[in-house]
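Here the structure is laid out as structure tokens; the discussion comes afterwards.
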Amino acid sequence: MSRLEAINSPADLRELSYPELDELAAEIREFVVAAVAASPSGGHLGSNLGAVELTLALHRVFDSPRDILLWDTGHQAYVHKLVTGRREGFGSLRQSGGMSGYPNRAESEHDWVENSHASTILSYAHGMATAVEAKGVDRRVVAVIGDGSMTGGMAFEGLNNLGNTGRRVVIVLNDNGRSYAPTSSKLSESLARLRLDPRYVRNRVRVERLIQSLPFGERIHRGIESAEAAVREYWEPPAFFEQLGVRYVGPLDGHDIEGLESALRDAAEYVGPIVVHVLTQKGRGYPPAEDDEEKCLHDISGVLDPVTGTVTGSSSPSYKDAFTEVLLEVAERDPRVFAITAAMPGSTGLLAFEERFPNRFLDVGIAEQHAVTTATGMAMLGLRPVFAVYSTFLTRAIDQVTYDAGLHGQPVLFCIDRAGITGDDGPSHHGVLDMALLSKVPGMTIFAPSSAAEVAVMFREAMTIEGGPIALRWPKTAARQVPADQVGHGLEARRVRQGRGDVCILAVGTTLAAAESAAELLAEEGTDATVWDVRLVKPLDHRMVADAATHGLVITVEDGTVAGGVGSHITQAIANIDEGHRSPPVVTLGIPATFIAHGKVDQILAEAGLDAAGIASAATKALAAARTADLA
């Protein structure tokens, strides 16, 4: 039996010696690489490989779930899942009905927060520490924050309040210098300088020599580590954290289990908030991840070869590829174009832009709110900022989109990746809210391309719009390829199929393919459907609305939430047409107002009735109901 097979709960870790823990750490790394390689849905690799020893130390010092271990971000919690009895779950990692890629309250009592949106954990910790103190119970609250999460403004809000209230929280700063990409943060620079400060280095050497010269020096070296930390702090520059009222210890070797345990035990006794700053290597122990400078094999979305570390996936062009190509084309001739990312240049298609136009590229860290308002300020002075961001992360900044970019009527272009159902990452990553939220912003223009070619057409059109923000959204799935004569123009919808007047299907974005297939199914039943590619979610094309109103039934299809979504706007627009006759019934199809678990995109869309069969079935049922009502 391997060491890992004998670990079924955190208590099992406490029986191991330090050499045995080192063996276990090596086994865990092999297991994680193999599990991610075997998963058809991939997984997060680099962040978990870097957190192995830290996780083992945490679970040996603290008694989870009595002590509360919190993770920010949750994609560094695979090892936590392994040692809390979920080894078998990795066989279904990120698969429908299987184990989540993030902590999940439904999976284990050891999980508290499904924290895949970064920089929130210190606020959770502050709230939980307040509750622990109010109840007078003996529980420790431990917040592990890393992978760039300290670049987010909410982390500083939580830190400030912890220092102000003095709540008892152990904050483990897992410092690997990265988020998805190398972290952009002045704090990171300060911490790096602190590690290399000559006063610290010089005096640490003196202290260590003194200790080694004493009898039993090796034992003393371990036994007085807290005193050594105090000496270090005396010689170091004033730490950022202590200016906020939060005690600081570190930096420590994040791969030295024994040293980590000593520091964590000391920190657990401190009455108040304390930061334990640990240095880890993202991707540690797996050379392909260690050598991946941009992401350390952060998120594997294709098939991983565990030997070489190469990742293969679909060779089909993506919507992101189409975006990158047109962005570079437009930026080449327009020096006003700047690109902004929130710590995700590679994931959002901006690496080529950064390389070609480094002085026109901004990585603001995990700070979407700041990114939006920064872009607004740029637009106010004549630049054309492009903020490339995932749909789920843009919703974190809806206030700034509305009252900064929107209220001031500034032409900030939001290029929204991962719109709609995203699949493997689960409820916190599905991009189903952007259309419903953005459509409420006065002056907002929203494009929804149905093919790769539409991305370029819409991007160029968006760059001509003045007087308000613009959104261009696309999904994670492979891009639909169409000939030039199937591409729309300007701010118009495109009718792709002319029917007799039985039913009109208005399809938003990538739901167009399913709508066209549904029309074929309806035709086999004798129902002739008109199909429109909506293209422009806001403002709606009045020609399309007027045409839809002449049909006996209207079906709207969107890959966003149906509550308050595009369908509701189309319904209202049809009702507002005064043609002297009753408006046709409108059936709105979209994502239900619920949190949707991880699974394959096609499966989730089918379950929501957004595939061809579901659309055709909804039309058939609605037509039958209308006929019954007419007979009555």
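First select every other residue whose beta carbon is under 12 angstrom from the beta carbon of Ala26; then total the charges, Lys and Arg +1, Asp and Glu -1.
-3
Tell me, how many Å apart are the Cα centres for the stretch 353-408 and for the stretch 446-466?
If you average the Cα positions of each part, the centres end up 18 Å apart.
Calculate the dipole size of the stretch 499-631 relative to its Cα centre from +1 charges on Lys and Arg beta carbons and -1 charges on Asp and Glu beta carbons; express the result in debye to the nearest 20.
So the dipole magnitude of the stretch 499-631 works out to roughly 320 debye.
Give, as a single signed number, the net charge of other residues whose beta carbon lies under 15 Å from the beta carbon of Gly590, with Lys and Arg counted +1 and Asp and Glu -1.
-4
If we count every other residue with Cβ under 12 angstrom of Met435's Cβ, Lys/Arg +1 and Asp/Glu -1, where does the sum land?
0
Using the count of nearby Cβ atoms within 10 Å as a rough guide to exposure, how do His59, His255, His489 rank from fewest to most?
His489, His255, His59
Please sort 381-389, 117-125, 4-12, 269-277 by packing, taking for each peptide the average over its residues of neighbouring beta carbons within 10 angstrom, highest first.
The most tightly packed comes first, giving 117-125, 381-389, 269-277, 4-12.
If you take the square roots of the eigenvalues of the alpha-carbon gyration tensor of the stretch 476-597 and sort them as a ≥ b ≥ c, do you get rounded (a/c under 1.5), prolate (a/b over b/c) or oblate?
rounded
Using a/c under 1.5 as the rounded threshold, could you call the stretch 516-575 rounded, prolate or oblate? The axes a ≥ b ≥ c are square roots of the C-alpha gyration tensor eigenvalues, and prolate needs a/b larger than b/c, oblate otherwise.
prolate
DSSP loop (so not H, G, I, E, B), at most 16 other Cβ within 10 Å: list which trypsin sites (Lys or Arg not before Pro) in the stretch 370-443 pass both filters.
Hits after loop and neighbour filter: Lys440.
Order of Ile615, Ile604 from fewest to most other C-beta atoms within 10 Å?
Fewest-to-most ranking of Ile615, Ile604: Ile604, Ile615.
Please list 420-428, 508-516 highest first by mean number of surrounding beta-carbon atoms within 10 Å per residue.
Packing order, densest peptide first, comes out as 508-516, 420-428.
Pairs to check: Lys320/Lys600; Lys81/Lys600; Lys282/Lys600; Lys81/Lys282; Lys320/Lys538. Give those whose C-alpha atoms are more than 24 Å from each other in this structure.
The answer is Lys282/Lys600.
How long are the three semi-axes of the equivalent ellipsoid for the stretch 26-87, computed from the Cα gyration tensor as the root of 5 times each eigenvalue, in whole Å, largest first?
21, 12, 10
Between Asp485 and Asp334, what length in nm is gained on full extension when 0.36 nm per residue of separation is reduced by their alpha carbon distance?
51.6 nm
Calculate the spin-label point distance for Gln603 paired with Asp399, positioning each point 7 Å from the Cα along the beta-carbon direction, and give it in nanometres.
3.8 nm
In µm²/s, what is D for the stretch 1-45 at 37 °C and 0.692 mPa s, where D = kT/(6 pi eta Rh) by Stokes-Einstein and Rh is the Kirkwood radius from Cα pairs?
After rounding, the answer is 285 µm²/s.
Just want the ordering: Asp72, Asp67, Asp175, from fewest to most Cβ atoms lying within 10 Å of their own Cβ.
The fewest-first ordering by Cβ neighbours comes to Asp67, Asp175, Asp72.
Rounded to a whole number of µm²/s, how large is the Stokes-Einstein D of the stretch 319-473 at 20 °C and 1.002 mPa s, given Rh as the Kirkwood radius over C-alpha pairs?
For these conditions, the coefficient is 142 µm²/s.
Loop only per DSSP, at most 11 neighbouring Cβ atoms within 10 Å: give me the trypsin sites (Lys or Arg not before Pro) in the stretch 455-535, ordered by residue number.
For trypsin sites (Lys or Arg not before Pro) across the stretch 455-535 that sit outside H, G, I, E and B with at most 11 neighbouring Cβ atoms in 10 Å, the list reads Arg500.
Enumerate the amide H contacts of Ala471 below 5 Å, restricted to partners 5 or more residues apart or on another chain; note that Pro and chain-start residues carry no placed amide H.
Phe414, Thr445, Ile446, Phe447
At what distance in angstrom do the alpha carbon centres of the stretch 556-612 and the stretch 147-171 lie from each other?
41 Å
Please report the relative contact order for the stretch 319-473, taking Cα pairs under 8 Å with a sequence separation of at least 6, and give it as a percent rounded to a whole number.
24 percent
Long-range amide H contacts for Arg284: which residues qualify at under 5 Å (H placed 1.01 Å from N, peptide plane, sequence gap of 5 or more or a different chain)?
Gly50
Expected output is a single nm value to one decimal: the length gained when fully extending between Arg105 and Leu351, i.e. 0.36 nm times separation in residues minus the C-alpha distance. What is it?
85.0 nm
Values in this text are rule-based calculations from the coordinates and carry no lab data. Predicted model only: the values in this text are computed from it and were never measured. Quick reminder, even Gly has a Cβ in these numbers, built from the backbone with ideal geometry, and neighbours come from all protein chains shown.
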